1. From B:VAL64, B:VAL34, B:VAL18, grab the single residue that is among the β-branched types (Val, Ile, Thr), away from chain D (no Cβ under 12 Å) and surrounded by 21 or more Cβ atoms within 10 Å (Cβ to Cβ).
2. Look through A:ASP50, A:ASP58, A:ASP95, A:ASP31 and report the one residue that is under 30 Å from B:TYR207 (Cβ atoms) and acidic (Asp, Glu).
3. Looking at B:THR214, B:THR222, B:THR206, B:THR252, which is the one that is out of contact with any Phe, Trp or Tyr (no Cβ under 9 Å at 6 or more places or on another chain) and among the polar types (S, T, N, Q)?
4. Pull up the range A:220-232, narrow it to residues that are at the interface with chain C (Cβ under 8 Å from one of its Cβ atoms) and of a type outside the set (A, V, I, L, M, F, W, C), then point me to the one that is surrounded by the fewest Cβ atoms within 10 Å (Cβ to Cβ).
5. Please go through (1) away from chain A (no Cβ under 12 Å); (2) aliphatic (A, V, I, L, M); (3) touching a helix residue (DSSP H, G or I) at 6+ places or on another chain (Cβ under 8 Å) for C:ALA84 and return the number of the only condition it doesn't satisfy.
6. It is to be established whether one or more residues within the range D:40-58 are of a type in the set (Ser, Thr, Tyr) and farther than 30 Å from D:ILE3 by Cβ.
7. Please verify whether D:THR183 is under 30 Å from D:VAL88 (Cα atoms), surrounded by fewer than 20 Cβ atoms within 10 Å (Cβ to Cβ), in contact (Cβ under 8 Å) with a residue 12 or more places away in the chain and within 13 Å of chain C (Cβ to nearest Cβ), treating the condition exactly as stated.
8. Taking interchain pairs and intrachain pairs at least six residues apart, which have beta carbon atoms under 9 angstrom, with the first residue in the range D:20-34 and more than 16 Å from D:GLU107 (Cβ to Cβ) and the second part of a strand (DSSP E or B) and charged (D, E, K, R)?
Protein chains: 4
Amino acid sequence: MAIVLGPNRYGKAETRLVSVARDGETHTLTDLNVSIALSGDLAATHLTGDNSGVLPTDTMKNTVYAFAKERGVGEPEQFALQLARHFVSTQSQIDKAHITIEAYGWERLGPHSFQRRGDHTRLAAVTVTAEQEQVVSGVTGLTLLNSTASEFHGYPKDRYTTLPETRDRILATAVDARWRHLTADGDWAGSFAGALEALTTAFANTYSHSLQQTLYAMGSYTLSQRPELAEVRLALPNKHHYLVDLSPFGLTNDNEVFIAGDRPYGLIEGTVIRDDAPPAGVEWYL
Amino acid sequence: MAIVLGPNRYGKAETRLVSVARDGETHTLTDLNVSIALSGDLAATHLTGDNSGVLPTDTMKNTVYAFAKERGVGEPEQFALQLARHFVSTQSQIDKAHITIEAYGWERLGPHSFQRRGDHTRLAAVTVTAEQEQVVSGVTGLTLLNSTASEFHGYPKDRYTTLPETRDRILATAVDARWRHLTADGDWAGSFAGALEALTTAFANTYSHSLQQTLYAMGSYTLSQRPELAEVRLALPNKHHYLVDLSPFGLTNDNEVFIAGDRPYGLIEGTVIRDDAPPAGVEWYL
Amino acid sequence: MAIVLGPNRYGKAETRLVSVARDGETHTLTDLNVSIALSGDLAATHLTGDNSGVLPTDTMKNTVYAFAKERGVGEPEQFALQLARHFVSTQSQIDKAHITIEAYGWERLGPHSFQRRGDHTRLAAVTVTAEQEQVVSGVTGLTLLNSTASEFHGYPKDRYTTLPETRDRILATAVDARWRHLTADGDWAGSFAGALEALTTAFANTYSHSLQQTLYAMGSYTLSQRPELAEVRLALPNKHHYLVDLSPFGLTNDNEVFIAGDRPYGLIEGTVIRDDAPPAGVEWYL
Amino acid sequence: MAIVLGPNRYGKAETRLVSVARDGETHTLTDLNVSIALSGDLAATHLTGDNSGVLPTDTMKNTVYAFAKERGVGEPEQFALQLARHFVSTQSQIDKAHITIEAYGWERLGPHSFQRRGDHTRLAAVTVTAEQEQVVSGVTGLTLLNSTASEFHGYPKDRYTTLPETRDRILATAVDARWRHLTADGDWAGSFAGALEALTTAFANTYSHSLQQTLYAMGSYTLSQRPELAEVRLALPNKHHYLVDLSPFGLTNDNEVFIAGDRPYGLIEGTVIRDDAPPAGVEWYL
């Protein structure tokens, strides 16, 4: 038996890029957080400290800024693809590049004035090898709430069950979602806007008997609306809102007054997939 | 000489209240974080552990929820005033109540469906004694950016100065502001919306030679638009965006590509005041 | 083609349990954050909202607290195994349970007095099915720094490389590590203490030419010291400390004065494995 | 009436300084977060954008790094005093400097190896004008817990009170404390160590009927042990640990199993003062 090096990768995480495109008086703002992870034949640096195949992570950071100028930033999926292809094609030691980008939204206030939105963060995650290119898009921090149209009952009760069944509750979640594209070409902006709209619409329109049912509705409706997607993965924390017992104060509480809980929270995770889609070439997890 | 008890207060912090008002099919959502601090003759519990004057903080929490049902929540300033008056008038040991509320915004998606906004948090801070009521409103987490129309030069240089002067830079800040009302009556919703609009407008419209100049413009414009306000206090972090030096790569950077820095940051704090306004009856700091 | 449900799981996350064991006057404190994820035949709730197989996550929370009393908490790996076995053996719909625990350390100040440590968080992650039990332990938030004995040079330079080579730098990282046990029996406390000691010792004693070299040294030394372990996975952010250029002030900087950077940071991830160990039965990622 | 500029200040916040002192093979590490706020005659920049009196905050940052080399860092109170005096004495526009420093602790692992502690952060806050120098030290993030020797009863009950009285509970808090020194000279390291020891000892040794009683005990004991201090201010969140009701499961809970709550929390704030101490020359809070 021996002790050996297993899978590994390295890169620069969280390079913060703000890019201003000037179209006369009117400016456009792009605000990204770019993370790069490269893998390949990197045994030498691990075993002997020989760095002859280790492009510095500082160079990766520089490349992000230089590409922003040379090629423009554009949509995050496209920017990530350009970066990934660059590293795989120019670094002989590297056979896989994984780029993830967080994109922060800004609302226009004037020709060169902006207010940061905080209602969601757009995500892109791209993996490139010599053989394939896989593009995943997503969203995080999208917090949705239905103040009714949610029930929860019919569940098994064991010795430790005390939860009362309910026919009317608040259902709230902070959506963390990723969806895999069938190809590495696309109308990235349109696809993202459409998927976000589909997720939000399905959440609002689903009469829910469980957050799992809502999850499946969100994923399946998104796939039905977006033929360019192979699968959708969702992680939905159940942001519990506890009905306050007002009876000690001689008051009734007809689903009006709630405690917004922090922890613990339910966590519902699931995948909805097109059954004829090719499997993911590179493993990924939400 | 002796060791003695000085100023003190106590209360329940961060009671999370979500309230649903049902107007037929259409629901309205209020999402608050309420903190209560009471002061008065509280020496006994400090010195001997005699709690006969110490209303439990758990009771304060219960009061928040019960009031939400009994009186409705309404605007945060009004809800804070009701809570503060209640504690001062019912607890003989207590002569001052200070209530602060954070209010989180939600955008309507449907009759009972909502998406949480993240572009700012509304604040209310109320202090009530037998003699007076002071109402302060505010905002935090409002992040604004001008991609041009900002210069910085003409400053003193000492031995430690290396900063180059600039005639064009990004100016960005996360506004943390509080404004004091002249009276404890008001159209709280209208006043908040107006002040927020004034702050945002002044930021966007000010051609800036320093963040201090922008701060003063924001405060003075807000006072000019809102006659119900006595003063405005602002804490404006200068969220630095560093121009990337692309010359090693043979590229120019005409204010297009920036590093968004985390730390350190400039911090500009200031007050703009109506010179005939009565001074704050109770001290407060942003 | 059809849209179908793919892999899924659900559970209660972040149940906060503090347990006090009283041995006469002397108390012992256990402080855990327990997360539970169950998977199995859960299609019905997703597709139709039929919850007949969905044990409420509230029940999972109750089970954590009841088990703490009934069985005692003990070591986190053992507590997680008990919980996981319970859910798999009692819920017919469930064929896999994944339990993760964060354990927070407290230092004793007296027989019933404690001060919370903050130098690391201990982790346990257990997966149980009918066929197997997999135990992973780990640590997060362990921040280590060598103020010398670190070099970085000999790396490839491309068009975007500007980093100067260095023969003396600060090497700092916040260790995030997981190690897989060969069996589901063990001296969990002794194993954790030994692995932590091995990781820390290897970091301090390795003269480093790259953080990758340090990573491999940490993993391989830990395996060499702990025969009960199959593999070690490490994610090591390179917490950059930038040498300040003091030359504009007429000063030299002999590796004395540094800027501690926030973002971006290098991120080095790798696995060190015993080559005759059976592969992980259940996939896991750091 | 007119709208005018009120109190204001500006500076550089959160300059992160790591300094390595080399005594042969043995290194010593200092890890600080330095924030600077200057005030004086700054009307011009606010009103007209005239920056002739505005030393750039970038220069303040440079000064921190240059002073670390030129003068050494030493104790944070001393380093803060040197910086404050420098700005007041060299900038004609500035009449007051307020410097705050957070100091992070590291434990030695070897001659040049360190592990970051996380059990508390040391604080220094210094205010310097032409007339006076005020030094405040403090601590934050010091989390303490007594698993017994805490009661809470005898409090008033109103219509909204539901809390049961208790003769045995967990008392836990995250200490946020500041103490004012009588002079600007001192054995800063010894004073801090002594104050920290006094606070911790008093917490552990006080049989508590309220967190207020514990607060007063902590403050008064610290003053009794440290003659160099004028006053101690404490903000103590009551980190509630709720006894779990295990009776639905047929189990008793003799103060063994607790839920560690996040929000809401009690917040107890108070000052303990030497009655013959001169008042604070410059207002400060906490």
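The values are calculated or read from the model by the stated rules, or taken from the named source; none is laboratory data. Predicted, not measured: the structure shown is a model, and the values here were computed from it. All Cβ positions, even for glycine, are placed from backbone atoms using ideal geometry, and neighbour counts span all protein chains on display.
1. B:VAL18
2. Step by step, each of A:ASP50, A:ASP58, A:ASP95, A:ASP31 is checked, and only A:ASP31 is under 30 Å from B:TYR207 (Cβ atoms) and acidic (Asp, Glu).
3. Result of the check over B:THR214, B:THR222, B:THR206, B:THR252: B:THR252.
4. Filtering the range A:220-232 for residues that are at the interface with chain C (Cβ under 8 Å from one of its Cβ atoms) and of a type outside the set (A, V, I, L, M, F, W, C), the one surrounded by the fewest Cβ atoms within 10 Å (Cβ to Cβ) comes out as A:SER224.
5. (3)
6. no
7. When the stated conditions are applied, D:THR183 does not pass them.
8. Between residues of the range D:20-34 that are more than 16 Å from D:GLU107 (Cβ to Cβ) and residues that are part of a strand (DSSP E or B) and charged (D, E, K, R), the close pairs are D:LEU32/D:ARG16; D:LEU32/D:GLU102; D:ASN33/D:ARG16; D:ASN33/D:GLU102; D:VAL34/D:LYS12; D:VAL34/D:ARG16; D:VAL34/D:GLU102.
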